[in-house]
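Novice: The structure under discussion is supplied below as structure tokens; questions concerning it will follow.
The values are calculated or read from the model by the stated rules, or taken from the named source; none is laboratory data. Only a predicted model underlies this, so the values are computations on that prediction, with no experimental measurement involved. Cβ placement follows ideal geometry from the backbone for every residue including glycine, while neighbour counts extend to all protein chains displayed. These area figures cover heavy atoms from the full protein model, side chains too; ligands, DNA and RNA do not enter into them. Shrake-Rupley method; radii C 1.70, N 1.55, O 1.52, S 1.80 Å.
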Amino acid sequence: QAQGSQTICWGESVVLSATGATTYTWEDNIWYNVLTPSGDSILATPLGTITYTVTGENGVCPPDDTTVTVTVIPTRPMTLDVLGPDSVVIGTGTQLFADISGIIDSISWTPDASLSCNDCRDPFASPDVTTTYTATIYYSENGVVCTQTDVITVYVVDQCPEDLLYVPSGFSPNQDGNNDRLYVRGVGIQTVNFFRVFDRWG
């Protein structure tokens, strides 16, 4: 006989064993390696749900076989990609997005001190210092809980280098669709204290 059916997460391995005979033959299924000379144990790393059949022989007794099913969750590998800008200006924030390929039970984010929520899919981050956020998703079947994680680092710019703020040196408001508008360009600008425009004679 073989041990009972198993449920594993996608990408994991499981050892399957059979007892009651002296030699064992596993059918030519895929995703496994035989571990012992007698063949009573195999290491299976299936990429999908599969049923293994093992036949045991013991002296003059007729061969006997049994099966064991390994259920893999999910049926396809779950993917998680955390997306968002890689930098913000101190005092501002940014939206983070969790791109998930399947149905999950829940999600958690750490550290959560500078997040609008730690259990929603797309939190708003307001870090004061450069922070690496980790998102972990949970999904389950047959009482087995699987996880997947991804990280994103949001760099906080605490001073304004020259390339953070840009204003064109000239513009041509003749309504031809090219350089008609003049405005302050940059990342995270909330207010402009003063803005003056001079003609070429000052």
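Novice: Which one of these is of a type in the set (S, T, N, Q), out of contact with any Lys or Arg (no Cβ under 6 Å at 6 or more places or on another chain) and surrounded by 15 or more Cβ atoms within 10 Å (Cβ to Cβ): T110, T94?
Specialist: Within the list T110, T94, the selection yields T94.
Novice: Please find, among V82, V88, V54, V72, the residue that is more than 28 Å from the chain's Cα centre (by Cα) and surrounded by 15 or more Cβ atoms within 10 Å (Cβ to Cβ).
Specialist: Result: V54 is the single residue among V82, V88, V54, V72 that is more than 28 Å from the chain's Cα centre (by Cα) and surrounded by 15 or more Cβ atoms within 10 Å (Cβ to Cβ).
Novice: Here's something else I'd like to know. Show the residue pairs that are 6+ apart or on different chains and have beta-carbon atoms under 6 Å apart, the first residue being within the range 18-38 and more than 19 Å from T51 (Cβ to Cβ) and touching a residue at least 60 places away in the same chain (Cβ under 8 Å), the second being open to solvent by less than 80 Å² (accessible area, probe 1.4 Å) and assigned to a loop (DSSP other than H, G, I, E, B).
Specialist: Note: no pairs meet the criteria.
Novice: Quick one: count up the residues across the range 86-141 that are under 30 Å from C9 (Cα atoms) and without any contact (Cβ under 8 Å) to a residue 12 or more places away in the chain.
Specialist: 3
Novice: Right, G4: modelled with pLDDT under 90 and within 30 Å of D158 (Cα to Cα) or not?
Specialist: no
Novice: Kindly indicate the residue of the range 8-51 that is closer than 22 Å to N142 by Cβ and of a type in the set (S, T, Y) and also surrounded by the most Cβ atoms within 10 Å (Cβ to Cβ) among those meeting that condition.
Specialist: Y32
Novice: Among the residues of the range 77-131, count how many are hydroxyl-bearing (S, T, Y) and more than 16 Å from T153 (Cβ to Cβ). I'd like the intermediate steps shown before the answer.
Specialist: Step one: filter the range 77-131 for residues hydroxyl-bearing (S, T, Y), giving 79, 87, 92, 94, 101, 106, 108, 110, 114, 116, 126, 130-131.
Among the residues that remain, those that are also more than 16 Å from T153 (Cβ to Cβ) are: 79, 92, 101, 106, 108, 116.
Final tally of qualifying residues: 6.
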